[in-house]
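The values are calculated or read from the model by the stated rules, or taken from the named source; none is laboratory data. Given the structure is predicted, the values throughout are model-derived calculations rather than measurements. FYI the Cβ positions are ideal-geometry reconstructions off the backbone, even for glycines, and counts take in every protein chain you see.
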Amino acid sequence: MENVTPAAPTPDPATVLDRTGLDALIRELAARGYTVVGPTERNGAVVLAELAGADELPWGVGTDTDAGRYRTTARADGAAFAHSAGPQPWKRFLHPPRVREWSAERTDQELVFRAETSPAPSYAFLGVRPCDLRAIAVQDRVLAYGARPDSAYTARRRGAFIVAAECTEPGAACFCVSAGGGPAAGPGYDLVLTEVAEPGDHRFWARAGSERGAEVLAVLPGRHADSRTVNAARTAVDAARDRMGRSLPDVDLHALMAGSRGSAHWDDIAQRCLTCGNCTLVCPTCYCTTSEEVTDLTGDHAERWRRWDSCFDLDFSYLHGGPVRSTGADRYRQWLTHKLGTWHDQFGSSGCVGCGRCVVWCPVGIDLTKEIPVFAAERAESAAATGTAPEPRTAAPEHDGGLA
Ligand code: SF4
Ligand code: SF4
């Protein structure tokens, strides 16, 4: 099928934007017909919402996160993009929680079905963090380049303009580096910004990653990139790499998950897990859906809706008479084993980009970076007892932002 990622980069028209330039970027994207969506502070959280100008960005808002904990904080430097991942992943715009697929009307004479034909919105996403850029590439592999491409997703994805914001302030729950990524943006963006929030000179180093990104950058009010800005930006991103709040153990997670199926630790996790499904809803790569048909009270009008589903829902694995995964231990094992293990078999990469959302938004603070080492220790112990060596770590697959 047609590629949904931006075309190859053009020569780099690097530019330094100030706050006025950032505002001009938002207005330029809106003038080109995009609905601009980016971070803003609302009800004590940094959420994604439609932006009319740069004033709506969360200037001076930081975040204090931990397992089961999220608070916004005030930042003295006034940075706009120094908050870690909020509760909403970008999938809510590309793969929305509810989509009407068709409707039907019954009259005395006939039954008429209508496919949903609303045009896909064209979004410009502003401030996509590198982990979320990789998550979009992961969903591309599932929904755009899988065996059965999802037309609703591909229409939205094809129209999306992505402005990434490199990470200079990782949160306490972030672990993108040990998940194979990093605070620097990989491929897949149209524009990328790196914020330099110095007193008296708050600015953004902007680069293009596609032809259309270069076109937009060329009309923005900015100054040519100077070495002081470039060095400060690179130093901030390099420093972020060493300040990840968490990490996954350096083991072959695919093999570890395959070898841990019979572990008693799943039952220990199930003692704490509420099977609420929050982790799947906030995860930027989880993609499962179910279908629902609804009618009005007369029965003359019917609709089919597709909505997000969760493998933590008992009905999710219901097959002729009962759920296949009836216990909480079964369902947590399914989620983690798929995310870190069998995702590789299906889609050629891990399903986890290390954004930390599932850790932060778990109401009981279950933290996969704390659970995985338990399985790894069990496996090492078992290998020592039987005189076999645990599997060597395999190289983490590349999340290239491009698509097979
Ligand atoms: S791990 Fe946490 S967020 Fe996920 S289902 Fe269990 S209680 Fe809910
Ligand atoms: S599993 Fe957790 S840390 Fe990994 S991508 Fe999903 S929400 Fe982020």
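Would you confirm, using the coordinates I've provided, whether A214 is in the same structural domain as R75 (by TED's automatic domain parsing) and surrounded by fewer than 15 Cβ atoms within 10 Å (Cβ to Cβ)?
Values: in the same structural domain as R75 (by TED's automatic domain parsing): yes; surrounded by fewer than 15 Cβ atoms within 10 Å (Cβ to Cβ): no.
So A214 does not fit the description; no.
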Within the stretch 232-252, of all residues that are closer than 15 Å to A377 by Cβ and hydrophobic (A, V, I, L, M, F, W, C), the one surrounded by the most Cβ atoms within 10 Å (Cβ to Cβ) is L248
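Considering only residues that are within 16 Å of ligand 1 (Cβ to nearest atom) and outside any loop (DSSP other than H, G, I, E, B), look in the stretch 363-388 and name the one that is surrounded by the most Cβ atoms within 10 Å (Cβ to Cβ). Spell out how you get there, then give the answer.
At the first step, the residues of the stretch 363-388 found to be within 16 Å of ligand 1 (Cβ to nearest atom) are 363-372, 374-375.
Applying the additional criterion that residues be outside any loop (DSSP other than H, G, I, E, B) yields 368-372, 374-375.
Values: L368: 24, T369: 19, K370: 12, E371: 17, I372: 20, V374: 15, F375: 21.
Ranking the candidates gives L368 first.
Regarding the stretch 253-266, can at least one residue be identified that is within 23 Å of the chain's Cα centre (by Cα), of a type in the set (F, W, Y) and either more than 16 Å from ligand 1 (Cβ to nearest atom) or surrounded by 13 or more Cβ atoms within 10 Å (Cβ to Cβ) (or both)?
The first filter runs over the stretch 253-266 and keeps only residues within 23 Å of the chain's Cα centre (by Cα), leaving 253-254, 257.
Narrowing further to those that are of a type in the set (F, W, Y): none.
Among the residues of the stretch 253-266, not one is within 23 Å of the chain's Cα centre (by Cα), of a type in the set (F, W, Y) and either more than 16 Å from ligand 1 (Cβ to nearest atom) or surrounded by 13 or more Cβ atoms within 10 Å (Cβ to Cβ) (or both), which makes the answer no.
Return a yes/no flag: does the stretch 221-231 have any residue that is among the hydrophobic types (A, V, I, L, M, F, W, C) and crowded, with 22+ Cβ neighbours inside 10 Å.
As a first pass, look at the stretch 221-231 and keep what is among the hydrophobic types (A, V, I, L, M, F, W, C): 225, 230.
With the extra rule that they be crowded, with 22+ Cβ neighbours inside 10 Å, the set shrinks to none.
There is no residue in the stretch 221-231 that is among the hydrophobic types (A, V, I, L, M, F, W, C) and crowded, with 22+ Cβ neighbours inside 10 Å.
Pull up the stretch 81-140, narrow it to residues that are of a type in the set (S, T, Y) and at pLDDT 95 or above, then point me to the one that is farthest from the chain's Cα centre (by Cα). Even if it seems obvious, please write down each step before you answer.
Of the stretch 81-140, the ones of a type in the set (S, T, Y) are 84, 103, 107, 117-118, 122-123.
So of that shortlist, the ones also at pLDDT 95 or above come out as 103, 122-123.
On the way: S103: 31, S122: 19, Y123: 16 Å.
Among those that are of a type in the set (S, T, Y) and at pLDDT 95 or above, it is S103.
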Notebook entry, point to check: For D268, are the conditions met, namely being touching a Ser or Thr at 6+ places or on another chain (Cβ under 8 Å), among the acidic types (D, E) and either at pLDDT 95 or above or not in a helix (DSSP H, G or I) (or both)?
Noted result: no
The number of residues in the stretch 334-390 that are over 20 Å from the mean Cα position of the chain (by Cα), away from ligand 2 (no atom under 14 Å from the Cβ) and not polar (S, T, N, Q) is 17
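Yes or no, residue by residue, for (1) modelled with pLDDT of 85 or more; (2) in contact with a Leu (Cβ under 6 Å, 6 or more places away or on another chain); (3) not hydroxyl-bearing (S, T, Y):
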{"position": "P363", "(1), (2), (3)": "yes, no, yes"}
{"position": "P373", "(1), (2), (3)": "yes, no, yes"}
{"position": "A380", "(1), (2), (3)": "yes, no, yes"}
{"position": "T386", "(1), (2), (3)": "no, no, no"}
{"position": "P390", "(1), (2), (3)": "no, no, yes"}
{"position": "A395", "(1), (2), (3)": "no, no, yes"}
{"position": "E398", "(1), (2), (3)": "no, no, yes"}
{"position": "G401", "(1), (2), (3)": "no, no, yes"}
{"position": "A404", "(1), (2), (3)": "no, no, yes"}
So, first residue within 19 Å of N278 (Cα to Cα) in the stretch 358-384, second residue among the hydroxyl-bearing types (S, T, Y) and more than 8 Å from ligand 1 (Cβ to nearest atom), Cβ within less than 6 Å, six or more apart or across chains; the pairs are V360/T65; V360/Y70
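Let me confirm something: among F125, F175, which residue is assigned to a loop (DSSP other than H, G, I, E, B) and either within 16 Å of ligand 2 (Cβ to nearest atom) or crowded, with 24+ Cβ neighbours inside 10 Å (or both)? Step through it out loud before you land on a result.
Numbers: F125 fails: assigned to a loop (DSSP other than H, G, I, E, B).
That would be F175, the only listed residue that is assigned to a loop (DSSP other than H, G, I, E, B) and either within 16 Å of ligand 2 (Cβ to nearest atom) or crowded, with 24+ Cβ neighbours inside 10 Å (or both).
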Residues of the stretch 19-48 being crowded, with 18+ Cβ neighbours inside 10 Å and among the β-branched types (V, I, T), in sequence order, are I26, V36, V37, T40, V46
The number of residues in the stretch 302-337 that are more than 13 Å from S291 (Cα to Cα), within 16 Å of ligand 1 (Cβ to nearest atom) and of a type outside the set (S, T, Y) is 14
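Would you say T285 is outside any helix (DSSP H, G or I), β-branched (V, I, T) and within 16 Å of ligand 2 (Cβ to nearest atom)? Before you say what the answer is, go through the steps one by one.
On the way: outside any helix (DSSP H, G or I): yes; β-branched (V, I, T): yes; within 16 Å of ligand 2 (Cβ to nearest atom): yes.
Against the criterion (outside any helix (DSSP H, G or I), β-branched (V, I, T) and within 16 Å of ligand 2 (Cβ to nearest atom)), T285 qualifies.
Would you confirm whether or not the stretch 156-167 contains a residue that is more than 16 Å from ligand 2 (Cβ to nearest atom), among the small types (G, A, S) and either assigned by TED's automatic domain parsing to the domain that holds T289 or surrounded by fewer than 17 Cβ atoms within 10 Å (Cβ to Cβ) (or both)? Walk me through how you get there before you give the answer.
Step one: filter the stretch 156-167 for residues more than 16 Å from ligand 2 (Cβ to nearest atom), giving 156-166.
After this cut, where a residue has to be among the small types (G, A, S) as well, the list is 159-160, 164-165.
Of the ones still in play, those that are also either assigned by TED's automatic domain parsing to the domain that holds T289 or surrounded by fewer than 17 Cβ atoms within 10 Å (Cβ to Cβ) (or both) are none.
The answer is no; no qualifying residue exists.
For the stretch 290-310, which residues satisfy the criterion of being surrounded by 16 or more Cβ atoms within 10 Å (Cβ to Cβ) and free of Cβ contacts under 8 Å to residues at least 24 places away in the same chain? Walk me through it before giving the result.
So the first thing to find is which residues in the stretch 290-310 are surrounded by 16 or more Cβ atoms within 10 Å (Cβ to Cβ), and the list is 302-306, 308-310.
D309, the sole residue that qualifies.
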Here the residues within the stretch 238-248 that are over 20 Å from the mean Cα position of the chain (by Cα) and at pLDDT 95 or above are D238, A239
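Tell me, which residue of the stretch 288-300 that is in a strand (DSSP E or B) and of a type in the set (D, E) is farthest from ligand 1 (Cβ to nearest atom)? Spell out how you get there, then give the answer.
First, the residues of the stretch 288-300 that are in a strand (DSSP E or B): 289-295.
Now restrict to residues that are of a type in the set (D, E): 292-293.
Working: E292: 21, E293: 27 Å.
Result: E293.
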For strands (runs of 3 or more DSSP E) lying entirely in the stretch 35-117, having 1 or more residues that are over 30 Å from G365 (Cβ atoms), touching a residue at least 24 places away in the same chain (Cβ under 8 Å) and assigned by TED's automatic domain parsing to the domain that holds V138 picks out 35-42, 98-106
Checklist entry - Is it true that V237 is part of a helix (DSSP H, G or I) and in the same structural domain as Y123 (by TED's automatic domain parsing)? => result yes
